[in-house]
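Enquirer: Quick one: the structure is below, questions incoming.
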Amino acid sequence: MTGIALKNPSALPARLEVERAQRLLLVDAPPALADLLLQSRSKESETRLFQARALSTAKETFDAILLWREDRIGSRSILEGVVRRLEPGGVLWIVTALRKVMGPRTPAVHRLELSDLTKRLERHGLSNDREVRITSWHVAYRFVATSR
């Protein structure tokens, strides 16, 4: 993915609340977003960048994870891998392409949707409680541990 036009980049790190995390994992994040989030974080915090295909090499856990995932195809194993690396009580952000827009490279019929994510993550005790617009074509959904 080449350059993306982030929506309101100066406020984006605060809206995603990633500066609070001690250990942040970015999976398949486009360079513009990864650079923005890296610059917004304190020097004491740790930020790791991974491609989804290399996620199995990450052995540690993280208190915040951001996964950029447009395509439904292959998403099940990637979501399972990401959840295994999320600390209890951690925050998981998943950025997907909106279904009814024309810009993303993934055809609308193959796009990962909130209903797919909700169904897959509820079995891990995670529920969606918030969303943040990332670009004109992408939205991030936040999943946190379900209150019992």
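Enquirer: Starting from residues that are among the β-branched types (V, I, T) and surrounded by fewer than 19 Cβ atoms within 10 Å (Cβ to Cβ), keep the ones in the range 48-71 and report whichever is modelled with the lowest pLDDT.
Expert: Initially, the range 48-71 is screened for residues among the β-branched types (V, I, T), giving 57, 61, 65.
Keeping just the survivors that are surrounded by fewer than 19 Cβ atoms within 10 Å (Cβ to Cβ) gives 57, 61.
On the way: T57: 91, T61: 96.
Here the residue is T57.
Enquirer: For R15, work out the one condition from (1) part of a strand (DSSP E or B); (2) surrounded by fewer than 19 Cβ atoms within 10 Å (Cβ to Cβ); (3) in contact (Cβ under 8 Å) with a residue 40 or more places away in the chain it doesn't fulfil.
Expert: Failed condition: (1).
Enquirer: Suppose we filter the range 33-53 for residues that are of a type in the set (S, T, N, Q) and more than 17 Å from A140 (Cβ to Cβ); how many remain?
Expert: So the answer is 4.
Enquirer: Taking the range 38-71 as the region of interest, how many residues are in a loop (DSSP other than H, G, I, E, B) and over 19 Å from E131 (Cα atoms)?
Expert: Let us first name the residues in the range 38-71 that are in a loop (DSSP other than H, G, I, E, B), namely 41-45, 51, 58-61, 69-70.
Going one step further and asking which of them are over 19 Å from E131 (Cα atoms), we end up with 41-45, 51, 58-61.
Result for the range 38-71: 10.
Enquirer: Would you please list the contacts, defined by Cβ atoms under 9 Å and residues six or more apart or on different chains, that run from a residue in the range 26-40 that is on the phi > 0 side of the Ramachandran plot and of a type in the set (D, E) to a residue that is in a helix (DSSP H, G or I) and buried (at least 17 other Cβ atoms within 10 Å of the Cβ)?
Expert: Partner pairs satisfying both residue conditions: D28/A52; D28/I78.
The values are calculated or read from the model by the stated rules, or taken from the named source; none is laboratory data. Just so we're clear, the structure is a prediction, and the values are computed from it rather than from any experiment. Reconstructed Cβ throughout: ideal geometry from the backbone, glycine too, with neighbour counts over all protein chains shown.
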